[in-house]
Amino acid sequence: MRRWTSWIFGGLALVFAVWGITQYMAKERLSTLVENGYQRAFYELTYNIESLETLLAQASASNDPKQQMNYFSDTWRQASAAQANLGQLPLSNLELANTEKFISQLEAFSFSTFRRIGEGQTLDEKAWNSLQGFFRQAKHIRESLDKMQPHFQKGPDWQGVQRATMAQVVRAQDSKKRPSEEGALESNPIVKSFMMMEDGLKRYPDPDFEGNMLNFRARPRGFTGPQISRQQAVNIARKFMAPNKRNQTARVVGTEKGDVPAFHVEIVPTRQENRRGAKAWRTMMSISQKGGHLIWMLTERNIGKPTISVTQARARGLKYLKDLGYEGMESLAADPFDGVVNCSYVRKIGDVWIYPEEIKLQIALDNGEILGFEAMNFLTFKGAASAPAYPLTEAQARARVNKRLKIERVRKAVILDDRFRMVATYEFKASLNKEKFLVYINAATGDEVKLIREVPGQTEII
(Lines give C-alpha, C1' and ligand atoms only; values in the text may rest on other atoms or scores of the structure.)
Protein backbone atom coordinates (compact mmCIF):
# COMPACT_ATOMS: atom_id res chain seq x y z
CA MET A 1 0.00 0.00 0.00
CA ARG A 2 2.83 2.36 0.92
CA ARG A 3 4.47 1.58 -2.39
CA TRP A 4 1.36 2.60 -4.29
CA THR A 5 1.02 5.73 -2.15
CA SER A 6 4.60 6.67 -2.94
CA TRP A 7 3.98 6.22 -6.64
CA ILE A 8 0.83 8.35 -6.46
CA PHE A 9 2.50 11.19 -4.56
CA GLY A 10 5.55 10.92 -6.76
CA GLY A 11 3.36 11.21 -9.84
CA LEU A 12 1.49 14.17 -8.39
CA ALA A 13 4.77 15.89 -7.53
CA LEU A 14 5.95 15.39 -11.11
CA VAL A 15 2.67 16.76 -12.47
CA PHE A 16 2.87 19.85 -10.27
CA ALA A 17 6.54 20.34 -11.13
CA VAL A 18 5.79 20.18 -14.85
CA TRP A 19 2.82 22.51 -14.36
CA GLY A 20 4.97 24.95 -12.37
CA ILE A 21 7.71 24.97 -14.99
CA THR A 22 5.13 25.46 -17.75
CA GLN A 23 3.56 28.38 -15.89
CA TYR A 24 6.97 29.93 -15.25
CA MET A 25 7.93 29.62 -18.91
CA ALA A 26 4.60 31.09 -20.00
CA LYS A 27 5.11 33.98 -17.59
CA GLU A 28 8.62 34.57 -18.93
CA ARG A 29 7.37 34.52 -22.53
CA LEU A 30 4.63 37.01 -21.65
CA SER A 31 7.13 39.23 -19.84
CA THR A 32 9.45 39.19 -22.86
CA LEU A 33 6.56 39.94 -25.20
CA VAL A 34 5.46 42.93 -23.09
CA GLU A 35 9.03 44.23 -22.80
CA ASN A 36 9.56 43.93 -26.57
CA GLY A 37 6.35 45.90 -27.15
CA TYR A 38 7.58 48.73 -24.93
CA GLN A 39 11.01 48.71 -26.58
CA ARG A 40 9.43 48.87 -30.04
CA ALA A 41 7.26 51.85 -29.03
CA PHE A 42 10.29 53.66 -27.58
CA TYR A 43 12.50 53.19 -30.63
CA GLU A 44 9.67 54.16 -32.96
CA LEU A 45 9.06 57.26 -30.84
CA THR A 46 12.77 58.08 -31.17
CA TYR A 47 12.52 57.67 -34.95
CA ASN A 48 9.40 59.89 -35.05
CA ILE A 49 11.15 62.70 -33.14
CA GLU A 50 14.31 62.46 -35.28
CA SER A 51 12.12 62.68 -38.39
CA LEU A 52 10.27 65.69 -36.99
CA GLU A 53 13.53 67.54 -36.33
CA THR A 54 14.70 66.90 -39.90
CA LEU A 55 11.36 67.80 -41.50
CA LEU A 56 11.07 71.05 -39.55
CA ALA A 57 14.60 72.01 -40.62
CA GLN A 58 13.75 71.23 -44.25
CA ALA A 59 10.51 73.22 -44.07
CA SER A 60 12.49 76.18 -42.68
CA ALA A 61 14.97 76.10 -45.58
CA SER A 62 12.53 75.44 -48.43
CA ASN A 63 10.97 78.23 -50.48
CA ASP A 64 8.85 76.04 -52.76
CA PRO A 65 5.14 75.74 -51.76
CA LYS A 66 4.84 72.17 -53.08
CA GLN A 67 7.88 71.05 -51.14
CA GLN A 68 6.65 72.83 -48.03
CA MET A 69 3.30 71.07 -48.32
CA ASN A 70 5.13 67.73 -48.48
CA TYR A 71 7.21 68.59 -45.41
CA PHE A 72 4.23 69.69 -43.34
CA SER A 73 2.18 66.69 -44.45
CA ASP A 74 4.97 64.35 -43.31
CA THR A 75 5.37 66.33 -40.08
CA TRP A 76 1.68 65.92 -39.35
CA ARG A 77 1.95 62.16 -39.94
CA GLN A 78 5.07 61.75 -37.79
CA ALA A 79 3.59 63.83 -34.95
CA SER A 80 0.48 61.64 -34.97
CA ALA A 81 2.64 58.50 -34.84
CA ALA A 82 4.76 59.99 -32.02
CA GLN A 83 1.62 60.65 -30.01
CA ALA A 84 0.50 57.03 -30.45
CA ASN A 85 3.92 55.58 -29.53
CA LEU A 86 4.27 57.80 -26.45
CA GLY A 87 0.86 56.60 -25.31
CA GLN A 88 2.02 52.95 -25.51
CA LEU A 89 4.84 53.46 -22.99
CA PRO A 90 4.18 52.74 -19.27
CA LEU A 91 4.44 56.41 -18.31
CA SER A 92 0.82 57.18 -17.42
CA ASN A 93 1.73 58.14 -13.81
CA LEU A 94 4.39 60.64 -14.91
CA GLU A 95 3.69 64.30 -15.51
CA LEU A 96 4.55 64.65 -19.22
CA ALA A 97 2.17 67.51 -19.98
CA ASN A 98 4.79 69.59 -21.81
CA THR A 99 5.89 66.69 -24.02
CA GLU A 100 2.31 65.78 -24.87
CA LYS A 101 1.48 69.44 -25.51
CA PHE A 102 4.44 69.81 -27.88
CA ILE A 103 3.36 66.81 -29.97
CA SER A 104 -0.31 67.85 -30.07
CA GLN A 105 0.49 71.46 -30.94
CA LEU A 106 2.95 70.43 -33.64
CA GLU A 107 0.34 68.11 -35.15
CA ALA A 108 -2.21 70.95 -35.22
CA PHE A 109 0.32 73.48 -36.55
CA SER A 110 1.46 71.16 -39.35
CA PHE A 111 -2.05 70.43 -40.50
CA SER A 112 -3.11 74.08 -40.30
CA THR A 113 -0.02 75.27 -42.21
CA PHE A 114 -0.41 72.53 -44.81
CA ARG A 115 -3.98 73.70 -45.45
CA ARG A 116 -3.03 77.40 -45.70
CA ILE A 117 -0.18 76.76 -48.15
CA GLY A 118 -2.54 74.60 -50.22
CA GLU A 119 -4.92 77.58 -50.37
CA GLY A 120 -2.16 79.78 -51.83
CA GLN A 121 -0.94 81.50 -48.65
CA THR A 122 2.71 81.86 -47.75
CA LEU A 123 4.59 81.15 -44.53
CA ASP A 124 4.29 84.52 -42.76
CA GLU A 125 6.52 85.82 -39.95
CA LYS A 126 4.24 84.51 -37.20
CA ALA A 127 4.19 80.99 -38.65
CA TRP A 128 7.96 81.15 -39.25
CA ASN A 129 8.60 82.00 -35.58
CA SER A 130 6.35 79.13 -34.49
CA LEU A 131 8.21 76.79 -36.85
CA GLN A 132 11.55 77.75 -35.29
CA GLY A 133 10.15 77.21 -31.81
CA PHE A 134 8.90 73.73 -32.73
CA PHE A 135 12.31 72.89 -34.25
CA ARG A 136 14.14 73.82 -31.03
CA GLN A 137 11.75 71.73 -28.94
CA ALA A 138 12.08 68.74 -31.29
CA LYS A 139 15.88 69.00 -31.06
CA HIS A 140 15.71 69.07 -27.25
CA ILE A 141 13.50 65.95 -27.13
CA ARG A 142 15.64 64.11 -29.68
CA GLU A 143 18.81 64.82 -27.70
CA SER A 144 17.08 63.65 -24.50
CA LEU A 145 15.93 60.40 -26.09
CA ASP A 146 19.43 59.78 -27.48
CA LYS A 147 20.85 60.05 -23.95
CA MET A 148 18.43 57.34 -22.77
CA GLN A 149 19.72 54.72 -25.23
CA PRO A 150 22.75 53.62 -23.15
CA HIS A 151 20.54 52.99 -20.09
CA PHE A 152 18.86 50.04 -21.81
CA GLN A 153 22.27 48.38 -22.29
CA LYS A 154 22.99 48.51 -18.55
CA GLY A 155 19.97 46.62 -17.28
CA PRO A 156 16.92 48.86 -16.58
CA ASP A 157 13.85 47.79 -18.50
CA TRP A 158 10.39 49.20 -19.20
CA GLN A 159 8.68 46.86 -16.77
CA GLY A 160 10.98 48.33 -14.13
CA VAL A 161 9.68 51.74 -15.13
CA GLN A 162 6.13 50.44 -14.79
CA ARG A 163 6.85 49.07 -11.31
CA ALA A 164 8.47 52.35 -10.26
CA THR A 165 5.51 54.45 -11.40
CA MET A 166 3.04 52.12 -9.67
CA ALA A 167 5.15 52.25 -6.48
CA GLN A 168 4.89 56.04 -6.58
CA VAL A 169 1.09 55.79 -6.57
CA VAL A 170 1.20 53.45 -3.57
CA ARG A 171 3.63 55.72 -1.71
CA ALA A 172 1.33 58.68 -2.25
CA GLN A 173 -1.20 56.83 -0.11
CA ASP A 174 1.28 56.30 2.73
CA SER A 175 2.86 59.46 4.11
CA LYS A 176 5.28 57.42 6.26
CA LYS A 177 7.20 56.16 3.22
CA ARG A 178 9.95 58.33 1.79
CA PRO A 179 10.60 59.01 -1.92
CA SER A 180 14.21 57.91 -1.39
CA GLU A 181 13.13 54.30 -0.78
CA GLU A 182 14.19 51.60 -3.22
CA GLY A 183 11.95 51.65 -6.27
CA ALA A 184 11.23 55.39 -6.04
CA LEU A 185 10.65 57.15 -9.34
CA GLU A 186 13.73 59.31 -8.98
CA SER A 187 15.98 56.24 -8.62
CA ASN A 188 14.98 54.83 -12.03
CA PRO A 189 17.34 56.24 -14.71
CA ILE A 190 14.75 56.05 -17.49
CA VAL A 191 12.11 57.85 -15.44
CA LYS A 192 14.67 60.43 -14.34
CA SER A 193 15.63 61.06 -17.98
CA PHE A 194 12.00 61.63 -18.99
CA MET A 195 11.51 63.99 -16.04
CA MET A 196 14.60 65.99 -17.06
CA MET A 197 13.37 66.11 -20.68
CA GLU A 198 9.97 67.33 -19.48
CA ASP A 199 11.53 69.95 -17.22
CA GLY A 200 13.71 71.22 -20.08
CA LEU A 201 10.67 71.92 -22.25
CA LYS A 202 9.54 74.56 -19.76
CA ARG A 203 12.24 76.87 -21.16
CA TYR A 204 10.44 77.17 -24.50
CA PRO A 205 7.51 79.59 -24.97
CA ASP A 206 4.13 78.27 -26.07
CA PRO A 207 3.83 78.73 -29.89
CA ASP A 208 1.10 81.10 -31.03
CA PHE A 209 -0.58 80.06 -34.26
CA GLU A 210 -3.96 79.81 -35.92
CA GLY A 211 -5.65 76.47 -35.37
CA ASN A 212 -3.90 75.78 -32.04
CA MET A 213 -6.42 73.29 -30.69
CA LEU A 214 -4.80 73.27 -27.24
CA ASN A 215 -5.73 76.93 -26.76
CA PHE A 216 -9.34 75.80 -26.86
CA ARG A 217 -8.99 72.51 -25.04
CA ALA A 218 -7.32 74.21 -22.08
CA ARG A 219 -10.60 75.96 -21.23
CA PRO A 220 -13.22 73.24 -20.62
CA ARG A 221 -16.66 74.70 -19.98
CA GLY A 222 -18.35 72.03 -17.88
CA PHE A 223 -16.20 72.00 -14.73
CA THR A 224 -18.32 74.43 -12.75
CA GLY A 225 -19.03 74.67 -9.03
CA PRO A 226 -17.05 74.94 -5.78
CA GLN A 227 -13.99 72.97 -4.74
CA ILE A 228 -14.91 69.66 -3.07
CA SER A 229 -13.26 67.68 -0.26
CA ARG A 230 -12.01 64.10 -0.37
CA GLN A 231 -15.08 62.88 1.53
CA GLN A 232 -17.39 64.70 -0.86
CA ALA A 233 -15.61 62.97 -3.76
CA VAL A 234 -16.33 59.60 -2.12
CA ASN A 235 -20.00 60.51 -1.62
CA ILE A 236 -20.32 61.63 -5.25
CA ALA A 237 -18.65 58.44 -6.47
CA ARG A 238 -21.17 56.26 -4.62
CA LYS A 239 -24.17 57.66 -6.48
CA PHE A 240 -22.78 56.45 -9.82
CA MET A 241 -22.61 52.85 -8.57
CA ALA A 242 -25.30 50.18 -8.87
CA PRO A 243 -27.66 50.31 -5.82
CA ASN A 244 -26.25 47.08 -4.34
CA LYS A 245 -22.70 48.50 -4.40
CA ARG A 246 -23.22 52.00 -3.03
CA ASN A 247 -22.50 51.04 0.60
CA GLN A 248 -19.28 49.13 -0.11
CA THR A 249 -15.81 50.29 0.95
CA ALA A 250 -14.80 53.53 -0.80
CA ARG A 251 -11.76 55.77 -0.40
CA VAL A 252 -9.64 58.33 -2.21
CA VAL A 253 -6.46 56.56 -3.36
CA GLY A 254 -4.75 59.40 -5.20
CA THR A 255 -5.03 62.76 -6.90
CA GLU A 256 -4.46 63.98 -10.42
CA LYS A 257 -2.89 67.31 -11.32
CA GLY A 258 -2.82 68.98 -14.72
CA ASP A 259 -5.51 70.99 -16.49
CA VAL A 260 -8.32 69.26 -14.55
CA PRO A 261 -7.29 68.37 -10.97
CA ALA A 262 -9.20 65.31 -9.77
CA PHE A 263 -9.55 62.76 -6.97
CA HIS A 264 -9.13 59.07 -7.80
CA VAL A 265 -11.69 57.06 -5.83
CA GLU A 266 -11.59 53.28 -5.38
CA ILE A 267 -14.66 51.22 -4.43
CA VAL A 268 -14.27 47.54 -3.49
CA PRO A 269 -16.42 44.92 -1.68
CA THR A 270 -16.51 45.42 2.08
CA ARG A 271 -16.34 41.67 2.66
CA GLN A 272 -12.79 40.45 2.11
CA GLU A 273 -13.90 37.13 0.59
CA ASN A 274 -15.58 39.02 -2.27
CA ARG A 275 -12.33 40.70 -3.32
CA ARG A 276 -10.98 37.52 -4.91
CA GLY A 277 -12.28 34.78 -7.17
CA ALA A 278 -15.34 34.74 -9.39
CA LYS A 279 -17.22 37.33 -7.28
CA ALA A 280 -14.36 39.82 -7.17
CA TRP A 281 -14.87 43.35 -8.52
CA ARG A 282 -13.21 46.74 -8.24
CA THR A 283 -14.29 50.18 -9.42
CA MET A 284 -12.07 53.20 -10.04
CA MET A 285 -13.36 56.73 -10.64
CA SER A 286 -11.92 60.15 -11.39
CA ILE A 287 -13.90 63.00 -9.75
CA SER A 288 -12.98 66.60 -10.59
CA GLN A 289 -11.90 68.66 -7.60
CA LYS A 290 -13.82 71.63 -8.97
CA GLY A 291 -17.55 70.93 -8.95
CA GLY A 292 -17.29 67.19 -8.23
CA HIS A 293 -17.97 66.01 -11.80
CA LEU A 294 -17.40 62.38 -12.77
CA ILE A 295 -14.77 62.31 -15.53
CA TRP A 296 -14.41 58.55 -15.92
CA MET A 297 -15.30 55.29 -14.20
CA LEU A 298 -14.23 51.71 -14.81
CA THR A 299 -15.38 48.52 -13.04
CA GLU A 300 -13.32 45.35 -13.32
CA ARG A 301 -15.16 42.03 -12.86
CA ASN A 302 -15.87 38.75 -14.61
CA ILE A 303 -18.61 38.97 -17.26
CA GLY A 304 -21.19 36.17 -17.43
CA LYS A 305 -23.31 34.95 -20.31
CA PRO A 306 -25.48 37.63 -22.01
CA THR A 307 -29.07 37.87 -20.76
CA ILE A 308 -30.05 41.20 -22.36
CA SER A 309 -29.86 42.50 -25.94
CA VAL A 310 -27.84 45.43 -27.22
CA THR A 311 -31.08 47.39 -27.65
CA GLN A 312 -31.99 46.75 -24.00
CA ALA A 313 -28.50 47.76 -22.90
CA ARG A 314 -28.76 51.04 -24.81
CA ALA A 315 -32.08 51.75 -23.10
CA ARG A 316 -30.61 51.01 -19.67
CA GLY A 317 -27.72 53.37 -20.38
CA LEU A 318 -30.12 56.15 -21.36
CA LYS A 319 -32.14 55.64 -18.15
CA TYR A 320 -28.94 55.62 -16.09
CA LEU A 321 -27.93 59.02 -17.49
CA LYS A 322 -31.42 60.48 -17.05
CA ASP A 323 -31.61 59.30 -13.42
CA LEU A 324 -28.29 61.09 -12.78
CA GLY A 325 -29.59 64.35 -14.24
CA TYR A 326 -28.08 64.26 -17.75
CA GLU A 327 -31.05 65.63 -19.68
CA GLY A 328 -31.59 65.66 -23.43
CA MET A 329 -29.24 62.76 -24.18
CA GLU A 330 -29.87 60.33 -27.06
CA SER A 331 -28.22 57.05 -28.04
CA LEU A 332 -25.79 57.64 -30.91
CA ALA A 333 -23.77 54.45 -31.39
CA ALA A 334 -23.39 50.95 -29.95
CA ASP A 335 -20.46 48.55 -30.31
CA PRO A 336 -20.90 45.09 -28.70
CA PHE A 337 -17.72 43.24 -27.78
CA ASP A 338 -16.88 40.26 -25.55
CA GLY A 339 -19.93 40.37 -23.27
CA VAL A 340 -20.24 44.16 -23.03
CA VAL A 341 -21.51 46.92 -25.28
CA ASN A 342 -19.81 50.32 -25.62
CA CYS A 343 -22.52 52.95 -26.11
CA SER A 344 -22.22 56.62 -27.03
CA TYR A 345 -24.84 59.20 -26.03
CA VAL A 346 -24.97 62.84 -27.15
CA ARG A 347 -27.16 65.79 -26.31
CA LYS A 348 -29.92 66.90 -28.67
CA ILE A 349 -31.35 70.39 -29.08
CA GLY A 350 -34.64 69.96 -30.92
CA ASP A 351 -33.73 67.82 -33.93
CA VAL A 352 -30.02 68.72 -33.87
CA TRP A 353 -27.48 66.24 -32.51
CA ILE A 354 -24.62 67.97 -30.62
CA TYR A 355 -21.82 65.46 -31.21
CA PRO A 356 -19.09 67.16 -29.08
CA GLU A 357 -21.28 66.79 -25.97
CA GLU A 358 -20.75 63.03 -25.80
CA ILE A 359 -20.81 60.56 -22.91
CA LYS A 360 -19.58 56.98 -23.40
CA LEU A 361 -20.85 54.07 -21.32
CA GLN A 362 -19.75 50.45 -21.12
CA ILE A 363 -22.67 48.19 -20.22
CA ALA A 364 -22.49 44.52 -19.20
CA LEU A 365 -24.77 42.25 -21.21
CA ASP A 366 -25.07 39.69 -18.39
CA ASN A 367 -27.06 41.96 -16.06
CA GLY A 368 -27.10 45.48 -17.57
CA GLU A 369 -24.66 46.96 -15.03
CA ILE A 370 -22.89 50.17 -16.04
CA LEU A 371 -19.21 49.19 -15.95
CA GLY A 372 -17.63 52.18 -17.66
CA PHE A 373 -18.28 55.92 -17.93
CA GLU A 374 -16.28 58.58 -19.84
CA ALA A 375 -17.43 62.20 -20.05
CA MET A 376 -14.38 64.35 -20.86
CA ASN A 377 -15.84 65.50 -24.19
CA PHE A 378 -19.18 66.31 -22.58
CA LEU A 379 -17.53 68.32 -19.79
CA THR A 380 -15.23 70.13 -22.22
CA PHE A 381 -17.88 71.28 -24.70
CA LYS A 382 -20.96 71.42 -22.45
CA GLY A 383 -23.17 74.36 -23.43
CA ALA A 384 -20.91 75.53 -26.25
CA ALA A 385 -23.67 75.02 -28.83
CA SER A 386 -27.18 76.45 -28.50
CA ALA A 387 -29.96 76.22 -31.11
CA PRO A 388 -27.62 76.36 -34.17
CA ALA A 389 -28.86 78.03 -37.35
CA TYR A 390 -29.39 76.14 -40.63
CA PRO A 391 -29.49 78.70 -43.49
CA LEU A 392 -29.32 75.98 -46.17
CA THR A 393 -32.22 73.62 -46.68
CA GLU A 394 -31.74 69.88 -46.66
CA ALA A 395 -32.32 69.79 -50.42
CA GLN A 396 -29.60 72.42 -50.99
CA ALA A 397 -27.15 70.47 -48.83
CA ARG A 398 -28.07 67.19 -50.52
CA ALA A 399 -27.13 68.71 -53.87
CA ARG A 400 -23.55 69.10 -52.61
CA VAL A 401 -23.16 65.35 -51.94
CA ASN A 402 -21.49 63.18 -54.58
CA LYS A 403 -24.22 62.04 -56.97
CA ARG A 404 -22.81 58.51 -57.02
CA LEU A 405 -23.55 58.03 -53.32
CA LYS A 406 -26.84 56.42 -52.28
CA ILE A 407 -28.18 58.47 -49.36
CA GLU A 408 -29.77 56.31 -46.66
CA ARG A 409 -30.38 58.79 -43.85
CA VAL A 410 -30.10 62.53 -43.13
CA ARG A 411 -29.86 64.33 -39.80
CA LYS A 412 -28.74 67.68 -38.45
CA ALA A 413 -25.54 67.51 -36.42
CA VAL A 414 -23.05 69.91 -34.85
CA ILE A 415 -19.49 68.60 -35.22
CA LEU A 416 -15.92 69.85 -34.69
CA ASP A 417 -13.93 70.79 -37.77
CA ASP A 418 -10.19 70.20 -38.11
CA ARG A 419 -9.51 73.36 -36.10
CA PHE A 420 -11.79 72.30 -33.23
CA ARG A 421 -14.49 74.81 -34.07
CA MET A 422 -18.17 73.88 -33.81
CA VAL A 423 -19.92 73.69 -37.16
CA ALA A 424 -23.62 73.10 -37.88
CA THR A 425 -23.88 70.46 -40.59
CA TYR A 426 -26.20 68.09 -42.39
CA GLU A 427 -25.03 64.52 -41.83
CA PHE A 428 -25.69 62.19 -44.76
CA LYS A 429 -25.32 58.48 -44.12
CA ALA A 430 -24.62 57.05 -47.56
CA SER A 431 -23.22 54.06 -49.41
CA LEU A 432 -21.18 53.43 -52.55
CA ASN A 433 -21.32 49.80 -53.62
CA LYS A 434 -20.67 47.99 -50.31
CA GLU A 435 -18.83 50.88 -48.64
CA LYS A 436 -20.56 53.05 -46.01
CA PHE A 437 -19.83 56.75 -45.48
CA LEU A 438 -20.84 59.69 -43.32
CA VAL A 439 -20.73 62.97 -45.24
CA TYR A 440 -20.98 66.29 -43.38
CA ILE A 441 -22.08 69.40 -45.34
CA ASN A 442 -21.71 72.84 -43.74
CA ALA A 443 -25.25 74.15 -43.17
CA ALA A 444 -24.18 77.75 -43.88
CA THR A 445 -21.70 77.47 -46.77
CA GLY A 446 -22.50 74.13 -48.39
CA ASP A 447 -18.85 73.04 -48.12
CA GLU A 448 -17.99 69.42 -47.37
CA VAL A 449 -16.59 69.69 -43.83
CA LYS A 450 -15.75 66.06 -43.21
CA LEU A 451 -16.16 62.61 -44.75
CA ILE A 452 -15.84 59.42 -42.70
CA ARG A 453 -15.68 55.86 -43.99
CA GLU A 454 -17.46 53.43 -41.67
CA VAL A 455 -15.20 50.41 -41.24
CA PRO A 456 -17.05 47.06 -40.89
CA GLY A 457 -16.81 45.66 -37.40
CA GLN A 458 -16.18 49.02 -35.79
CA THR A 459 -18.60 51.35 -34.02
CA GLU A 460 -21.41 52.41 -36.33
CA ILE A 461 -23.48 55.57 -35.80
CA ILE A 462 -27.12 54.58 -35.42
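Considering the range 180-221 alone, what residues qualify as being touching an Asp or Glu at 6+ places or on another chain (Cβ under 9 Å), among the hydroxyl-bearing types (Ser, Thr, Tyr) and modelled with pLDDT of 50 or more? Once the filter is applied, which keeps residues that are touching an Asp or Glu at 6+ places or on another chain (Cβ under 9 Å), among the hydroxyl-bearing types (Ser, Thr, Tyr) and modelled with pLDDT of 50 or more, the range 180-221 yields only 187. If you check 410, 423, 414, 401 for being in the same structural domain as residue 454 (by TED's automatic domain parsing), on the phi < 0 side of the Ramachandran plot, surrounded by 14 or more Cβ atoms within 10 Å (Cβ to Cβ) and in a loop (DSSP other than H, G, I, E, B), only one passes: 401.
In summary, residue 347 fulfils each of the numbered conditions (1) in a loop (DSSP other than H, G, I, E, B); (2) charged (D, E, K, R); (3) buried (at least 21 other Cβ atoms within 10 Å of the Cβ) with the single exception of condition (1). I'd like to know if the range 333-342 contains one or more residues that are more than 17 Å from residue 376 (Cα to Cα), in contact (Cβ under 8 Å) with a residue 60 or more places away in the chain, touching a helix residue (DSSP H, G or I) at 6+ places or on another chain (Cβ under 8 Å) and buried (at least 18 other Cβ atoms within 10 Å of the Cβ). Checked against the condition, which is being more than 17 Å from residue 376 (Cα to Cα), in contact (Cβ under 8 Å) with a residue 60 or more places away in the chain, touching a helix residue (DSSP H, G or I) at 6+ places or on another chain (Cβ under 8 Å) and buried (at least 18 other Cβ atoms within 10 Å of the Cβ), the range 333-342 yields at least one hit.
Of all residues in the range 385-412, those that are more than 15 Å from residue 446 (Cβ to Cβ) have Cβ atoms under 9 Å from Cβ atoms of residues that are part of a loop (DSSP other than H, G, I, E, B), 6 or more apart or on another chain, in 387/350; 388/443; 407/401; 411/351. Can residue 450 be described as surrounded by fewer than 20 Cβ atoms within 10 Å (Cβ to Cβ), among the charged types (D, E, K, R) and outside any loop (DSSP other than H, G, I, E, B)? Considered against the rule, which asks whether it is surrounded by fewer than 20 Cβ atoms within 10 Å (Cβ to Cβ), among the charged types (D, E, K, R) and outside any loop (DSSP other than H, G, I, E, B), residue 450 comes out as yes. Restricting attention to the range 309-332, the residues being surrounded by 14 or more Cβ atoms within 10 Å (Cβ to Cβ) and assigned to a helix (DSSP H, G or I) number 10.
Could you tell me whether the range 412-435 includes any residue that is at pLDDT below 90 and under 30 Å from residue 302 (Cβ atoms)? Checking the range 412-435: not a single residue is at pLDDT below 90 and under 30 Å from residue 302 (Cβ atoms). Hey, does the range 373-389 have a residue that's in a strand (DSSP E or B) and surrounded by 16 or more Cβ atoms within 10 Å (Cβ to Cβ)? Within the range 373-389, one or more residues are in a strand (DSSP E or B) and surrounded by 16 or more Cβ atoms within 10 Å (Cβ to Cβ). Residue 140 meets the conditions (1) at pLDDT 85 or above; (2) assigned to a helix (DSSP H, G or I); (3) farther than 21 Å from residue 191 by Cβ in every case but one. The failed one is (3). Just a yes or no: is a residue in the range 350-359 in the same structural domain as residue 336 (by TED's automatic domain parsing), in contact with a Cys (Cβ under 6 Å, 6 or more places away or on another chain) and within 30 Å of residue 245 (Cα to Cα)? Checked against the condition, which is being in the same structural domain as residue 336 (by TED's automatic domain parsing), in contact with a Cys (Cβ under 6 Å, 6 or more places away or on another chain) and within 30 Å of residue 245 (Cα to Cα), the range 350-359 yields no hits at all. Condition test on residue 348, is it more than 20 Å from the chain's Cα centre (by Cα), within 22 Å of residue 445 (Cα to Cα) and of a type outside the set (A, V, I, L, M)? In short, no.
Scanning the range 119-139 for residues being in contact with a helix residue (DSSP H, G or I) (Cβ under 6 Å, 6 or more places away or on another chain) and either surrounded by fewer than 18 Cβ atoms within 10 Å (Cβ to Cβ) or outside the structural domain of residue 201 (by TED's automatic domain parsing) (or both) gives a total of 1.
The values are calculated or read from the model by the stated rules, or taken from the named source; none is laboratory data. Everything quoted here is computed from the prediction, not taken from an experiment. Virtual Cβ from ideal backbone geometry, glycine too; neighbours counted across all protein chains shown.
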